[in-house]
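Asks: One structure, pasted below without further comment.
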Amino acid sequence: MEPHLSHRVVDSVATVVVHHPAKRNAMTAAMWRSLPPLLEKLAADTGVRALVLTGEGGTFCAGADISTLQGSPRQAQDLAVAAEEALASFPKPTLAAVRGHCVGGGAQLAAACDLRLAEEGALFGVTPARLGIVYPASSTRRLVSLVGPATAKYLLFTGELIDARRALRTGLVDEVLPAGRLDERVAELTRILVSRSQLTQAAAKEFVNGRTDRDAYWAAQAAAGGDTAEGVTAFLERRPPRFTWSLPASG
């Protein structure tokens, strides 16, 4: 089977899977190109309230499949950055479910997700120094925002791989799960995500990502929608809330 991305939507959760097991799910040029339009489609689907990114089998993504990247290194890098930015700007909660290798372009994709869960035994690395590549400024800033300057420098300067426990300590991942527990925890966490207010999540995602000029917009959304009243009423009635606000098509 040709390397590709697949997706499915179950119970309001879209799962995007990287398929290229012969090369540890390394991303081909065609796969990099296909990710932004796929994410655009899923973002527009009102039935999708969260997204999981993972890899086929026992590994997440070992980076870029160099053999498929024609032209200059910068052109290849631009493909990866475009996919990374599309994932970072996805307007609903995103979660990377990581097994095995999460290296190079795979680490870019994981870092672009809102949350990262890893199975014990996972390995993480940011490896441009092994190839003499200048890591993109946007990707570097995103890495620094997760792990801080010191760890970002260690990863970038050395190109060394770190294990899941060290990734947890540095903030590169949010949880580390025992072998066999990752899928269960991903399912549990995504059930929580889709049960919460999409209004709160969408506003918080913008603010955390640095867009702080839309207080008035989100205040108007809250006033026009019913999530706040429903949340308070449900709390007082001691029942689960039934939130109805959904992301407008224009974001």
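Asks: Just the Cα atoms of the stretch 153-204, one point each, no solvent: what log10 I(q)/I(0) does Debye give at q = 0.18 Å⁻¹?
Replies: These q points yield log10 I(q)/I(0) values of -0.79.
Asks: Another question about this same structure. So, counting K/R as plus one and D/E as minus one, what does the shell of residues with Cβ under 14 Å around PRO37 add up to?
Replies: Cβ neighbours under 14 Å give a net charge of -1.
Asks: Next question. Count the DSSP beta bridges whose two residues both fall in the chain, then state the antiparallel fraction as a percent rounded to the nearest 5.
Replies: 30
Asks: Report the dimensions of the chain along its three principal axes from the alpha-carbon atoms, largest first, rounded to Å.
Replies: On the principal axes, the chain reaches 57, 41, 38 Å in Cα extent.
Asks: Also, quick follow-up: Could you give each residue of the stretch 24-35 its phi-based ³J(HN,Hα) in whole Hz, using Karplus coefficients 6.51, -1.76, 1.60 with θ = phi - 60°, and x for Gly or Pro?
Replies: Once θ is set to phi - 60°, the couplings for the stretch 24-35 become 6, 6, 4, 8, 7, 4, 5, 5, 4, 5, 7, 5 Hz.
Asks: Once you have the alpha carbon radius of gyration of the stretch 46-122, what is it after dividing by 2.2 N^0.38 Å, with N set to its residue count?
Replies: That works out to 1.15 for the stretch 46-122.
Asks: Now for a different question. Counting only DSSP beta bridges with both residues in the stretch 1-108, what percent are antiparallel, rounded to the nearest 5? Display every interim value, and only then the final one.
Replies: Numbers: 7 of 19 bridges.
Expressed as a percentage, antiparallel bridges in the stretch 1-108 total about 35.
Asks: To make sure I understand, if each residue's beta carbon is the centre and we count other beta carbons within 10 Å, what order do VAL13, VAL18 fall in, fewest to most?
Replies: VAL13, VAL18
Asks: What are the ³J(HN,Hα) couplings of the stretch 41-51, residue after residue, when phi is run through the Karplus curve with 6.51, -1.76, 1.60 and θ = phi - 60°? Round to Hz, x for glycine and proline.
Replies: 3J(HN,Hα) across the stretch 41-51, in whole Hz: 4, 5, 5, 7, 7, 5, x, 9, 10, 7, 9.
Asks: How long is the gain from GLU175 to ALA220 if the chain were fully straight, where each residue apart is worth 0.36 nm and the alpha carbon distance is subtracted? Could you put the intermediate results ahead of the total?
Replies: Numbers: separation 45, 0.36 × 45 = 16.20 nm, distance 3.49 nm.
Separation in residues times 0.36 nm, less the Cα-Cα distance, equals 12.7 nm.
Asks: A follow-up question, please. Say R0 is 30 Å: what FRET efficiency, to the nearest 0.05, do THR140 and ARG33 get from their beta-carbon distance?
Replies: 0.85
Asks: For the stretch 197-237, what does the equivalent ellipsoid look like in terms of its semi-axes, each the square root of 5 times an eigenvalue of the Cα gyration tensor, given largest first in whole Å?
Replies: The equivalent ellipsoid of the stretch 197-237 has semi-axes of 22, 11, 6 Å.
Asks: Looking at the square roots a ≥ b ≥ c of the eigenvalues of the Cα gyration tensor of the stretch 49-176, which shape do they give, rounded for a/c under 1.5, prolate if a/b is larger than b/c, or oblate?
Replies: rounded
Asks: I've got another one for you. Roughly how large, in nm² to one decimal, is the mean projection of the convex hull of the alpha-carbon atoms in the stretch 113-251?
Replies: Details: hull surface 45.0 nm².
With every direction weighted equally, the projected area is 11.2 nm².
Asks: Using the Cβ atoms and a cut-off under 15 Å, what net charge is assigned to the surroundings of SER89, where Lys and Arg are +1 and Asp and Glu are -1?
Replies: Around SER89, the charge tally is +2.
Asks: How would VAL103, VAL147 line up from fewest to most surrounding beta-carbon atoms within 10 angstrom?
Replies: VAL147, VAL103
Asks: Hey, how many Å between the Cα centroid of the stretch 151-179 and the Cα centroid of the stretch 72-99?
Replies: What the calculation gives is 19 Å, centre to centre.
Asks: Hey, any idea what Rg/Rh is for the stretch 2-93, computing Rh the Kirkwood way over Cα pairs?
Replies: With Rg and the Kirkwood Rh in hand, the quotient comes to 0.98.
Asks: Net charge near ASP227, counting Lys/Arg +1 and Asp/Glu -1 over other residues with Cβ under 11 Å of its Cβ?
Replies: Net of charged neighbours comes to +1.
Asks: Could you go through the stretch 162-176 in sequence order and give the Karplus-derived ³J(HN,Hα) for each residue, using 6.51 cos²θ - 1.76 cosθ + 1.60 with θ = phi - 60°, rounded to whole Hz, and x for Gly and Pro?
Replies: 10, 7, 5, 5, 5, 4, 5, 4, 8, x, 6, 10, 9, 8, 10
Since every read-out is calculated from the coordinates, none of them should be taken as a lab result. Computed from a predicted structure; not experimentally measured. For neighbour counting, all protein chains shown are included, and Cβ atoms are generated from backbone atoms with ideal geometry for every residue, glycine included.
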